[in-house]
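*Asks:* Take a look at the following structure, please.
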Amino acid sequence: MNLKNIMMAGILLVGLTNLSHAVEGGDSGGGGDATEARVDEIRNDIFKWVNNGGPSNLDYPSDLTIETYVKKMSEVLVPKYVVVGFTQKEVLVGTSEKTCKGYVDQETKRKHILCNIPRFQNTSESEQYRLIHHEYAGLVNVEKNDGESSDYVISNQLTDFLVEKTVLRLAIKKEEPVDIYNPKRVILKNVVICSVMCNEEITGHLGHDLARIGTIYYAEATEENNHLNTCMSNAESLPLYSDRMDERSVKNCTKALTGKFRWKSVDIDTHHPDEAGAEDWYLSIKVNPKKKK
């Protein structure tokens, strides 16, 4: 074989190899594009939910804390952090056919998710959320798989937070901007606490005595809102601040979802005056007395 024929054979071999990789990595156009858009839409919605207090009501296994869950999921859900591909071919884990699978490329060390287009498109919207959360969670060992068996300990809970809007979304209310130096006193009457996210109070802000200690998600105290799904879908957010020398606000924040307050009509005062000192104030939560029939 002369040199020209050797070169042509080499070019043809490279071309066929690249084509093979392109088909294996994902199918472009039509269903592939639509599936890609849907997966990215779900990823982005979960990312917002994770970073806006959504995980505070999850039940965690003994070897996983909310802090670890939020940290790991916040990292892996960043746009473009994981390479997501799509194919018309079977997606296998061992000998089991799957809708999607997550894996780490041994050469590049990049995290990947590969999904079968027909199987994904035939999956219900709520199941798509469960599936995509599971694949991202598996890549950071939030959910640990054993061979062909899948662990859905957190993903199975995710569908409890789905509500119908214009399109299916995880329900989280955006907080209004607050002036950290001059937070306004807020007094709420007859509300039910849907969810709470509390942070340990460490320092004030730029020499001021105030520190952000958490957020309460609340709704009107009605029978309808005494259920997590409807409560969160109707919820508004209340940012919490404290005088950094006063621990009562931090303690009351952490108690906000205990049995004393859970699903009960309460009054919340973010700037409750301390009778012992005119300059001191703290978060107050009081249960309303039951109305006599």
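*Asks:* Across 5 Å bins from the origin, how do the percents of Cα pairs in region 88-165 run, short distances first?
*Replies:* Spelled out bin by bin, region 88-165 gives 3, 15, 24, 25, 20, 9, 3, 1, 0 percent.
*Asks:* Continuing with the same structure: Could you work out how much longer the chain between K251 and Q157 gets when fully extended? Use 0.36 nm per residue separation minus the Cα distance between them, nm to one decimal.
*Replies:* 31.1 nm
*Asks:* For region 77-127, just list the percent of Cα-Cα distances falling in each 5 Å bin from zero outward, please.
*Replies:* 5, 19, 24, 24, 20, 6, 2
*Asks:* Can you send over the solvent-accessible area of S62, 1.4 Å probe, protein chains only, in Å² to the nearest 10?
*Replies:* Here the residue's solvent-accessible area equals roughly 130 Å².
*Asks:* A follow-up question, please. Quick one: which of K111/K251; K80/K251; K101/K251; K98/K255; K251/K290; K72/K286 span more than 32 angstrom between C-alpha atoms?
*Replies:* From the list (K111/K251; K80/K251; K101/K251; K98/K255; K251/K290; K72/K286), the Cα-Cα distance tops 32 Å for K111/K251; K80/K251; K101/K251; K98/K255; K72/K286.
*Asks:* While we're looking at this one, here's another question. What distance in nm separates the simple spin-label points at T95 and D146, each placed 7 Å from Cα in the Cβ direction?
*Replies:* Computed distance between label sites T95 and D146 equals 1.9 nm.
*Asks:* Which FRET efficiency value, to the nearest 0.05, is calculated for K80 and D59 with the Förster distance at 30 angstrom and r the Cβ-Cβ distance?
*Replies:* 0.45
The values are calculated or read from the model by the stated rules, or taken from the named source; none is laboratory data. In this text the structure is predicted, and so the values were computed from the model without any measurement. FYI the Cβ positions are ideal-geometry reconstructions off the backbone, even for glycines, and counts take in every protein chain you see. Accessible surface is based on the protein model in full, side chains and every heavy atom, while ligands, DNA and RNA are left aside. Shrake-Rupley method; radii C 1.70, N 1.55, O 1.52, S 1.80 Å.
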